[in-house]
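Notes for the one structure printed next.
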Amino acid sequence: MTPGSGSAFTAPLAAAAATLAAWALAGTGAALAVLAVLAGAIVAFHLWNQHLVRRWAFGSLDAPVPEGRGSWRGVFTAIHRRMRLRAQHQRDLRLTIERFRRAAEAIPDGVIVLDAHDLIDWANPRACEQLGLDLARDRHAPIVNLVRQPEFLAYVAAGNFAESVSVTTIGERRRTLSLQLVPFGTREKLLLSHDVTQVEAAARMRRDFIANVSHELKTPLTVIAGFVETMQDLDLDARQRARYLGLMAEQARNMQRLVADLLTLSSLESEHSPGGDERFAVLPLLVQASADARALSGGRHAVEVDPGAAATVDGNRDEIASVLSNLLSNAVRYTPEGGRISLSWRVEPSGIGVFAIADTGIGIAAEHLPRLTERFYRVDRSRSRATGGTGLGLAIVKHVLLRHQAELGIVSEPGRGSVFSVRLPARRVRAAPLGDGPPAEDATTSTSSHSGTGS
Ligand SMILES: Nc1ncnc2c1ncn2[C@@H]1O[C@H](COP(=O)(O)OP(=O)(O)OP(=O)(O)O)[C@@H](O)[C@H]1O
Ligand SMILES: [Mg+2]
């Protein structure tokens, strides 16, 4: 017996009792009349409830379960309970599907669901953005109509989806995508797309870099090998031997410089922040850098220093010194004899500290300025090589400045000269001097000192 079914017997039993009572009290006729009325009422009650069930079952899906009475109450309650459980189950399912959809949308790669005929069924926003799809328009369109790169069409036709295929997108933002089809279910597929533009660019940079380094090493090595052969084949006198050995030593020094610069760059690139921040006084740095520049110039230029306001800088002293030395060595090497080179320091009202290295040298045409800090970029290769340049100086400068959140400014005019300025953020600059620099008179002396022919 199902729960509640006991109440189904209550009405027939009551009708039977009433019929018996009528028979005992008023005879057979009255008993039959009572029985007929009560049996009719019971049948009408059941027919009405059947009608309620039928109306509900054939009605709209979200129609409420009717209220039952008497023996039907249990039936309706059970149906109601079942409907509630089903609704709960459906809500859970909807939430699960929604969670999966949100997860698929959040994936940083593109995901497209294709049906058995390779028609687009669904795509996450990343896939739409990468492949220029619009789900409202492209849903149920064949994927091969929308991704038309020949490499992809060949990949689909070949049917071997163990590997991915690289395609380059067209349009305003060219990028390289790695696409892979993954079969699932009976005959459906997932199309996964991954943006590999950066990876490709890094691989290209690596290839270019290796080609550049090999090229840079080839020239001195060819020169050295040529001299070695000459010395092996010919009987040279002492003077010739000395000359050849001198030239070979010069090429060896070029290679040493190149390797040293490469090592510096690689160590700068492998750490993101300057190792060992310290506070150092600006003045001694200016004094040392200008002395080095004078030594390099060997009296061919006038080297001036304007020390500006006394200040200290928080940063890596050796790295900042290498920046000044690179910029000053460029100024010396790209300024003809008799030119003027100046090194200055100032603190702007905003607190930004600026080193400026100005020269009256050959200058740089505007089209070269944006590429100047690229590795191995030289305006005039032969001139740079002739002065022992590796083309890595400004790349090193850029990296050091990046690590100090500083900026490099270049203003230049061909034939008139250049100004390279290094702008250090205000939080790295303090007006208070440290007591470890030389006395101020030293700076004044070096400011006015001239070690060249002047201009
Ligand atoms: N002060 C300057 N005046 C004119 N041209 C300059 C100046 N500084 C740099 N350049 C140009 O920028 C190029 C790149 O400079 P960078 O310092 O990176 O390399 P480099 O001087 O050739 O070699 P090195 O690695 O020895 O410094 C130089 O080859 C030169 O053409
Ligand atoms: Mg240089």
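Taking Lys and Arg as +1 and Asp and Glu as -1, the other residues whose beta-carbon sits under 11 Å from that of residue 261 total +1. Local charge for residue 86 was computed over the other residues whose Cβ lies under 13 Å away, with Lys and Arg +1 and Asp and Glu -1, and equals +3.
In the chain, helices alone account for a calculated mean residue ellipticity at 222 nm of -17500 deg cm²/dmol, with every DSSP H run of four or more residues adding -39,500 (n - 2.57).
Cα centroids of the stretch 135-213 and the stretch 304-345: 50 Å apart.
Can you give the FRET efficiency for residue 93 and residue 149, using 1/(1 + (r/R0)^6), R0 = 41 Å, r = Cβ-Cβ distance, to the nearest 0.05?
Details: r = 38 Å, r/R0 = 0.94.
Calculated transfer efficiency: 0.60.
Restricting to bridges with both residues inside the chain, how much of the DSSP beta-bridge set is antiparallel, in percent to the nearest 5? Percentage antiparallel, nearest 5: 90. Each of 375, 207 has some number of other Cβ atoms within 10 Å of its Cβ, and from fewest to most they run 207, 375.
Using Cβ counts within 10 Å as a stand-in for footprinting exposure, how do 13, 119 rank, fewest first?
Details: 13 9, 119 15.
In increasing order of surrounding Cβ atoms, one gets 13, 119.
If R₀ is 22 angstrom, what is the calculated FRET efficiency for the pair residue 44 and residue 24, using the beta carbon separation as r and rounding to 0.05? The computed FRET efficiency comes out at 0.25. Among 397, 182, sorting on how many other beta-carbon atoms sit within 10 Å of each Cβ, with the fewest leading, yields 182, 397.
Annotation for the stretch 8-30 versus the stretch 40-55: alpha-carbon center distance of 22 Å. Other residues lying with their Cβ under 14 Å from the Cβ of residue 431 contribute a combined charge of +3, Lys and Arg counting +1, Asp and Glu -1.
Bear in mind these aren't lab numbers, they're just calculated from the coordinates by the rules spelled out. Note that this is a predicted model, so its numbers are computed, not measured. Neighbour counts are summed over all protein chains in view; Cβ atoms, including those assigned to glycine, are modelled from backbone coordinates with ideal geometry.
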